[in-house]
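Read through the structure below, which is laid out as structure tokens, and then see the notes.
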Amino acid sequence: MLRIGCRGRSRFMKTLGLVGSAAVAAVLLLAVPAASPPPPIKLAIVAEFTGGGAAVGMMWRDAVNLAVEDINKKGGVLGRRLETFAMDTQTDPPTSVAVMRRAFNEHPFAIMGTVYSSSTVANMDIVRQAGIPQITGSESVLLVQKGNPNIFLTAFTQQIGMAKQVRWLVEDLKADKVALIYVNNAFGRGGREMFLKFLKDRGKSVVADISTEPQQADFTPELTRVRASGATHLMVYNHEEENARLMTQLRKLGMTVEPVGETTLCAQTAIDPGGDAMNGSKCHVGMTAASTVPSMVDMNRRFQEKYGKVPDHNAYKAYIGTHMLKVAVERVGAFDQAKVRDCLHNNLFTAAEEPGLLMDMYVDDKGDTDRGSFIVEVKDRKPQVSKVVGMLGGPYTKRACR
């Protein structure tokens, strides 16, 4: 039999008390749930996944998702993970308005899209009324002419893009007799307006000014007019899938006119369906997988590994736009939509600060962007860079947003 003296009994009871207290504390800790992580921040990807713009919209969607994946791997934004959901506009402007309204029900922090300018012109007013920042891949000058403080472009509008385009066309290519074929929608009309303006500023005009319709299949009448005009250069300004069909017909007609364009003529989404007919096309482009900029080369590689296709300019714009939103939130220090909108105006964002931007970029008071760009020529079904073009303006100032 174990005998415990008075002093031993006292020590024994204290030990039991300590053990009991520890056990109770452990039970209480187990009973209290661990702190839940903050809910993710939602981004709505509203774009063209079916219809004529499907190839464009899917590039945009995939690149936003790649950017979100990259950001989340590095801890998210201010410790919060990003989460996306996608909704299809069917490449139809009225449908895009209804889809935007449905997207609001998910309470996204920002809208990523749309890409087609005609849709963005139609839906951006209701997004503004909802107070949700809208990051778009559209380029029509109409977007910034409306004075909407809620719209932010991931590439420059035609106002900046066409200024660079015409400078290259006149100074480098020495083009004198230029014909223009453009698509008759918000994208095409905005580009035409700026193209003709900057030509006029240099004392020049087009020898043929020809409109086409979205998703048009036969361009024989328009190309016949170009041939009759005596043009030496043809400025092609349609959507990617239309450009592929136009270039195929131009080659079959044996025309010797030199095809030139802006981003949509030399995009991979035009080259793939157009095949060899696209060879020889020369373009001023905002973004290209042919770039030798190391960060763009890396994004190109990872995009191909993940999706099995070469990213076009829409993919780069989407990837950059997602990181543009990230860096603005971090400068503000909070997920405050009004402050983020303000931060995104009149501000310089650098790749040194946020590598996901790929290149330095400036966003002006209207949401328009200035950034470096490239001159490319399509050879062997691939765009090849022949020249790097700097920003149109500047130097610009980086400002804090807290």
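The values are calculated or read from the model by the stated rules, or taken from the named source; none is laboratory data. Please read all numbers here as calculations on a predicted model, not as lab measurements. Note that each Cβ is placed from the backbone with ideal geometry, even for glycine, and that neighbours are counted across all protein chains shown. Note: accessible area is taken over every heavy atom of the protein model, side chains too, but ligands, DNA and RNA are not part of it. Shrake-Rupley method; radii C 1.70, N 1.55, O 1.52, S 1.80 Å.
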Within region 86-110, the count of residues that are outside any strand (DSSP E or B) and in contact with a helix residue (DSSP H, G or I) (Cβ under 6 Å, 6 or more places away or on another chain) comes to 6
Out of region 164-190, which residues are of a type in the set (A, V, I, L, M, F, W, C) and over 11 Å from V141 (Cβ atoms)? V166, W168, L169, V170, L173, A175, V178, A179, L180, I181, V183
Applying the selection to region 291-300, what residues are under 18 Å from the mean Cα position of the chain (by Cα) and in a helix (DSSP H, G or I)? S295, M296, V297, D298, M299, N300
Scan of region 253-272 for residues that are over 13 Å from V378 (Cβ atoms), touching a residue at least 12 places away in the same chain (Cβ under 8 Å) and open to solvent by 40 Å² or more (accessible area, probe 1.4 Å), ordered by number: L253
Can you tell me which residue among E222, E242 is surrounded by 24 or more Cβ atoms within 10 Å (Cβ to Cβ), farther than 30 Å from N346 by Cβ and either in contact with a strand residue (DSSP E or B) (Cβ under 7 Å, 6 or more places away or on another chain) or among the basic types (K, R) (or both)? E242
Checklist (1) touching a strand residue (DSSP E or B) at 6+ places or on another chain (Cβ under 7 Å); (2) surrounded by fewer than 23 Cβ atoms within 10 Å (Cβ to Cβ); (3) modelled with pLDDT of 95 or more applied to V363, failing item: (2)
For region 74-85 the number of residues that are of a type outside the set (V, I, T) and outside any loop (DSSP other than H, G, I, E, B) is 4
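Could you say which residue among S119, S140 is in a loop (DSSP other than H, G, I, E, B) and either more than 13 Å from the chain's Cα centre (by Cα) or of a type outside the set (D, E) (or both)?
S140
How about region 66-103: which of its residues are without any contact (Cβ under 8 Å) to a residue 40 or more places away in the chain, open to solvent by 40 Å² or more (accessible area, probe 1.4 Å) and over 25 Å from S36 (Cβ atoms)?
At the first step, the residues of region 66-103 found to be without any contact (Cβ under 8 Å) to a residue 40 or more places away in the chain are 69, 72-76, 93-95, 97-98, 101-102.
Retained after the next criterion (residues that are open to solvent by 40 Å² or more (accessible area, probe 1.4 Å)): 69, 73-75, 94, 98, 101-102.
Matches in region 66-103: P94, A98, R101, R102.
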Tell me, which residue of region 366-402 that is surrounded by 14 or more Cβ atoms within 10 Å (Cβ to Cβ) and among the β-branched types (V, I, T) is farthest from V144 (Cα to Cα)? V378
Could you give every pair whose Cβ atoms fall below 7 Å, whose first residue belongs to region 125-136 and is modelled with pLDDT of 95 or more, and whose second residue is open to solvent by 10 Å² or more (accessible area, probe 1.4 Å) and among the acidic types (D, E), counting only separations of at least 6 or pairs across chains? none
Taking region 130-155 on its own, how many of its residues are under 20 Å from V56 (Cβ atoms) and open to solvent by 10 Å² or more (accessible area, probe 1.4 Å)? 2
Within region 183-208, take every residue that is open to solvent by 10 Å² or more (accessible area, probe 1.4 Å) and among the β-branched types (V, I, T) and give me the one that is farthest from A122 (Cα to Cα). V207
Note on region 251-265: residues at pLDDT 95 or above and touching a strand residue (DSSP E or B) at 6+ places or on another chain (Cβ under 7 Å) are V257, E258, P259, V260, G261, L265
Can you name the residue in region 165-177 that is out of contact with any Asp or Glu (no Cβ under 9 Å at 6 or more places or on another chain) and not acidic (D, E) and, of all such residues, is least open to solvent (accessible area, probe 1.4 Å)? L169
Looking only at region 273-300, filter to residues that are touching a Cys at 6+ places or on another chain (Cβ under 8 Å) and of a type in the set (S, T, Y); which one of those is surrounded by the fewest Cβ atoms within 10 Å (Cβ to Cβ)? S281
